[in-house]
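Throughout, read-outs are computed from the coordinates displayed, never taken from laboratory work. All values reported here derive from a predicted model rather than from experimental measurement. Neighbour counts run over all protein chains shown; Cβ positions are idealised from the backbone, glycine included.
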Amino acid sequence: MLREPFGTTPEGHAVERYTLASASGVTINVLTYGGVIQSVFAPDRAGVLADVTLGYDTLDGYLRDKSYLGALVGRYANRIRAGRFSLDGRDYTLATNAGTNHLHGGVRGFNKAVWMCEPFAEGENIGLVLGHFSPDGDEGYPGGVSARVSYTLTPDGEIVIDFFATADAPTPVNLTQHSYFNLAGTGVGDILDHTLELSASRFTPVDAQLIPTGELRPVQGTPFDFTTPETVGARISDNDEQLRLAGGYDHNFVIDHDAMSELVLAARLTDPLSGRGLDIHTTEPGIQCYSGNFLDGTVTGKGGLPLQYRSGLALETQHFPNSPNEPTFPTTILRPGAEHRSRTVYHFVVRPT
Ligand code: GLA
């Protein structure tokens, strides 16, 4: 495991970068800034490695980032309507940073924090435990939250992500990892020819502000049906109200779980040409599938290349957006004495032709 300096934030905090390599060939870089997965190198059918996640070469890129490339997202991943919710009879107002709404933890979410970091080795697995404390009032949230996220790289090419949090007052918590994948190799092209399969027979349709209406709608017969493999691009331009509202896919899918908290296969992504595949298992009830519709080529990513429209697919395992205002959605309220725990596994594989 390699550890090296990666610059200093404007507040004077030193940032480090770790490199973790596995026997499968999968090698990852992790930053203490935002707990970012800066890159994942994964082999194709011929064993050729390519960097399959979007990111930046320098800390400056991450300091300016507005797309959450590779970052840990909290205290609440995704949107909360008008940045408002009430809890135990009290009203709270959060920072708003997406129009009039709260997105991904606010102006300075967990993705903008320098995390504490401890490397570990456990048998053949190696990993990092990242820690961050979010104080009472942070971005408007009640109570202090201690968050811990571990990345474990297995010899088989899995990144196991364990999320853990406790709170000293009741508060919403919804943590995710916001990597964008391009299994052909970052910088090569868009993700429209990737094949996607989602274990989701329903999704949460949105309004014009990309906030779920509260409905759980069957995907059957819609461009949101990925219950059998389909390319991301096959129906993305269909004349469909939901696709129009979001400018493509930017929706939460309801993962078909037999029982809550069970680790299930949520998504299967494939680049048919190279054979690189990614299987995502999670204990979370939802997964946001975001086709990079806001990327427009104006920001420079790794290798000095522009981050082009739809050049990466984010698959964000999570609780549903706006849950604090939707009593029928699974709760995201963390109370003192309880523990928030969730697990998501990215398994990088090679698929036969
Ligand atoms: C999430 C949201 C998108 C967008 C990106 C960041 O995935 O669902 O609407 O805000 O983050 O650009």
(request) Sort out for me the Cα centre separation of segment 130-174 from segment 18-73, rounded to whole Å. (result) 20
(message) Looking at the chain as a GNM with Cα springs under 10 Å, which of Asn239, Asn325, Asn29 has the largest mean-square fluctuation?
(response) Asn239
(request) Could you check how many percent of all C-alpha pairs in the chain are farther apart than 32 Å? (result) 24
(message) Amide H of Ile126 versus every other amide H placed in the peptide plane: which residues, excluding those fewer than 5 positions away on the same chain, fall under 5 Å?
(response) Leu153
(request) Could you give the spread of the C-alpha atoms of segment 194-353 along their three principal axes, from largest to smallest, in whole angstroms? (result) 46, 36, 35
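Grab the other residues whose beta carbon is less than 15 angstrom from that of Phe181, score K and R as +1, D and E as -1, and report the net.
Its environment carries a net charge of -4.
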(request) Could you run the Karplus curve 6.51 cos²θ - 1.76 cosθ + 1.60 with θ = phi - 60° over segment 103-112 and give me ³J(HN,Hα) per residue in whole Hz, x for Gly and Pro? (result) 10, 6, x, x, 5, 10, x, 4, 5, 9
(message) For a quick check: sort Phe110, Phe133 by the number of other beta carbons within 10 angstrom, fewest at the front.
(response) Phe133, Phe110
(request) Please turn the phi angles of segment 85-91 into ³J(HN,Hα) values with the Karplus equation 6.51 cos²θ - 1.76 cosθ + 1.60 (θ = phi - 60°), one per residue in order, whole Hz, x for glycine and proline. (result) 7, 10, 9, 6, x, 10, 9
(request) Sum -39500 (n - 2.57) across every DSSP H segment of at least 4 residues in the chain, then divide by the residue count to get the 222 nm mean residue ellipticity, nearest 500. (result) -1000 deg cm²/dmol
(message) 5 Å is the cut-off here: which amide hydrogens, built 1.01 Å from N in the peptide plane, fall below it relative to Ala98, excluding neighbours closer than 5 in sequence?
(response) Leu103
(message) Under the √(5λ) rule applied to the eigenvalues of the Cα gyration tensor, what semi-axes describe the equivalent ellipsoid of segment 193-272? Give them in Å, descending.
(response) 20, 18, 10
(request) Restrict the search to segment 99-158; then list the GluC sites (Glu not before Pro) that DSSP places in a loop and that have at most 16 other Cβ atoms within 10 Å of their Cβ. (result) Glu124
(message) Please arrange Lys302, Lys66 by how many other C-beta atoms lie within 10 Å of their C-beta, fewest to most.
(response) Lys66, Lys302
(message) Would segment 139-190 count as rounded, prolate or oblate if I go by the C-alpha gyration tensor, calling it rounded below 1.5 in a/c and otherwise prolate when a/b exceeds b/c, oblate otherwise?
(response) oblate
(request) Please label the shape of segment 262-353 as rounded, prolate or oblate, based on the square roots a ≥ b ≥ c of the eigenvalues of the alpha-carbon gyration tensor (a/c under 1.5 means rounded; beyond that, a/b larger than b/c means prolate, else oblate). (result) oblate
(request) First select every other residue whose beta carbon is under 12 angstrom from the beta carbon of Gly221; then total the charges, Lys and Arg +1, Asp and Glu -1. (result) -1
(request) Could you calculate, for segment 9-98, the ratio of the Cα radius of gyration to the Kirkwood radius, expressed as Rg to Rh? (result) 1.12
(request) Identify the GluC sites (Glu not before Pro) of segment 249-346 meeting these criteria: DSSP loop state and at most 16 other C-beta atoms within 10 Å of the C-beta. (result) Glu262, Glu339
(request) May I ask you to evaluate 6.51 cos²θ - 1.76 cosθ + 1.60, the Karplus curve with θ = phi - 60°, for each residue of segment 296-305 and list the ³J(HN,Hα) values in order in whole Hz, giving x for glycine and proline? (result) 9, x, 8, 10, 8, x, 4, x, x, 9
